[in-house]
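Presented below is the structure to which this report refers.
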Amino acid sequence: MPKKYHIEVRPTPNRYPQIGRSGIVDWGEGCLKCPSCVKHECVYNVYRQRTFSAETNADTIDELCKDCFRCVQGCPKRLIHKALNPEWENLGDDVYTPEVVAANWEQAKTGKIPVSGAGYGGAFVGKGFDSMWTDMSEIVRPTRDGIHGREYISTVVDLGRRPANLRFDERGNLSTQPLPMVRVPIPVLFDIPAFGDMSSRVWHAVALAASELGTLAIIPQAEVEPLSDLRSWLVPLLETDGWDRKWIRQFRMVELADSSDTEERFDRIKRIDEGIIVSVRVPATVDAATRAWELTDHGVDIIHFVADERGYEPGVPDARHLKDVIRAQHGALVERGVRDEITVMASGGIAMAEHVIKSILCGANVVGIDLPLLLALECRLCRNCAEGGECPVRLSTIDPRWGAQRIVNLVGAWHNQCLEMMGAMGIREARRLRGEEGRVMFFEDLETDTFARLFKGREG
């Protein structure tokens, strides 16, 4: 059994005031100058601590306020009001909603699981991963209470190819040669964000975090050289063939963008060193099943299905969600009888800890996270960088060690949530999660198999 895995989190403060959901509108005109002003009686000392950030044009009171409404209710002239912050409402998109962005900020700051309060008040079902419901029937067992339980829950996963069968000699000794494999303690790798102010300092922070967590970070080939001291934790995306035998042997794993000569490049790497794990980056579309079969038959170690940053098929009209792509690809490989031979990685739109578990339940072995890495560094997801504008939080100026700790905190909080979910499902090992659809319900399937029959009109 693998050694128990623990992530050391440390509270790491923000560099800039955090955007709050609501803001205080404080009208000075008409103030009675009460001797015991409600502002002075704030139990959180919000009004005494408030400052103004000239860099982001933000009042820190939006971040400090705990929404207790005592000042709003206590002012005799009703001069203090709470209002929704328009900057909050404009954060992110329909996948990275303001709530998701803020939750990731808080987890990167504290390393703790966010507490939402008295129950869930959201929609019954939503798009993408929100249309999946996991089976939590084992939550009543105190020994499987996630991070607090007495039973050991392993999140270790193996990256690489597996033999289709084992052969033994006449004496009963194993004669099958072992295939190269990399073991990581969490089913999460770091992937390349679709956009972002990706300076050398940001890449340094990502690589440092990967080394501290024991996982791997996929980075562009051009960014590898300054990080040579951390090469054991790097997976270069080989954009060109401008590398030699000595250089590529420094890495345990490399990745290729799928192209017409992928098989030829794969063979070249394996001729240099058969021990190097080779991943092929394939657009995450349902129609890629044939390509997945070809790569599996050719001996590729990992197929990395990549969706767009929102988690949908890239460049496809009426695009399907990543969960549907993974299910389709997993089912196709199972039908061909080769699923256990290949490692499947999925990335794009993995915005929360629960998305990690849900992706694996759909059929992935491991997932890649991208934009949450930037959120850990206080990214606003404004996309100014993609349009040639200036980053409002100047990611290019971060201290790499500060950034690494923020990423470690985020993954630490996600890891604890994964343990909670696995414990509640009665699953003690991440490897057993793969394709375990018996522990999940899909709204689309329920609607078709159950409700469609109830409301189907009678013929004639």
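The values are calculated or read from the model by the stated rules, or taken from the named source; none is laboratory data. This one's a predicted model, so the numbers in the text were calculated from it and none came from an experiment. Glycine gets a Cβ as well: all are built from the backbone with ideal geometry, and neighbour counts include every protein chain shown.
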Point to revise | Verdict on residue 90 being closer than 30 Å to residue 128 by Cβ, exposed (fewer than 14 other Cβ atoms within 10 Å of the Cβ), modelled with pLDDT of 85 or more and among the polar types (S, T, N, Q) | key: yes
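One line per residue, one yes/no per condition, for (1) under 28 Å from residue 232 (Cβ atoms); (2) modelled with pLDDT under 95; (3) not assigned by TED's automatic domain parsing to the domain that holds residue 232:
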position: 251; (1), (2), (3): yes, no, no
position: 274; (1), (2), (3): yes, yes, no
position: 286; (1), (2), (3): no, yes, no
position: 297; (1), (2), (3): no, yes, no
position: 301; (1), (2), (3): yes, no, no
position: 304; (1), (2), (3): yes, no, no
Exercise for review: Check the range 92-107 and report whether any residue there is among the charged types (D, E, K, R) and on the phi > 0 side of the Ramachandran plot.
Suggested key: no
Point to revise | Residue selected from the range 314-354 under the condition within 17 Å of the chain's Cα centre (by Cα) and of a type in the set (D, E, K, R), by the criterion farthest from residue 281 (Cα to Cα) | key: 354
**Study point:** Filter result (part of a helix (DSSP H, G or I) and in contact with a Gly (Cβ under 9 Å, 6 or more places away or on another chain)) within the range 379-404
**Key:** 385, 386, 395
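Each row is one residue, and each column tells you yes or no for (1) of a type in the set (Lys, Arg); (2) closer than 18 Å to residue 114 by Cα; (3) in contact (Cβ under 8 Å) with a residue 12 or more places away in the chain.
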| site | (1), (2), (3) |
| --- | --- |
| 343 | no, no, yes |
| 346 | no, no, yes |
| 354 | no, yes, yes |
| 358 | yes, no, yes |
| 361 | no, no, yes |
| 365 | no, no, yes |
| 377 | no, yes, yes |
Review point. So, in the range 183-217, of the ones that are surrounded by 19 or more Cβ atoms within 10 Å (Cβ to Cβ) and part of a strand (DSSP E or B), which residue ends up farthest from the chain's Cα centre (by Cα)?
Key: 184
Check your understanding: How many residues are of a type outside the set (Gly, Ala, Ser), closer than 20 Å to residue 366 by Cβ and out of contact with any Gly (no Cβ under 6 Å at 6 or more places or on another chain) when one looks only at the range 294-307?
Key -> 7
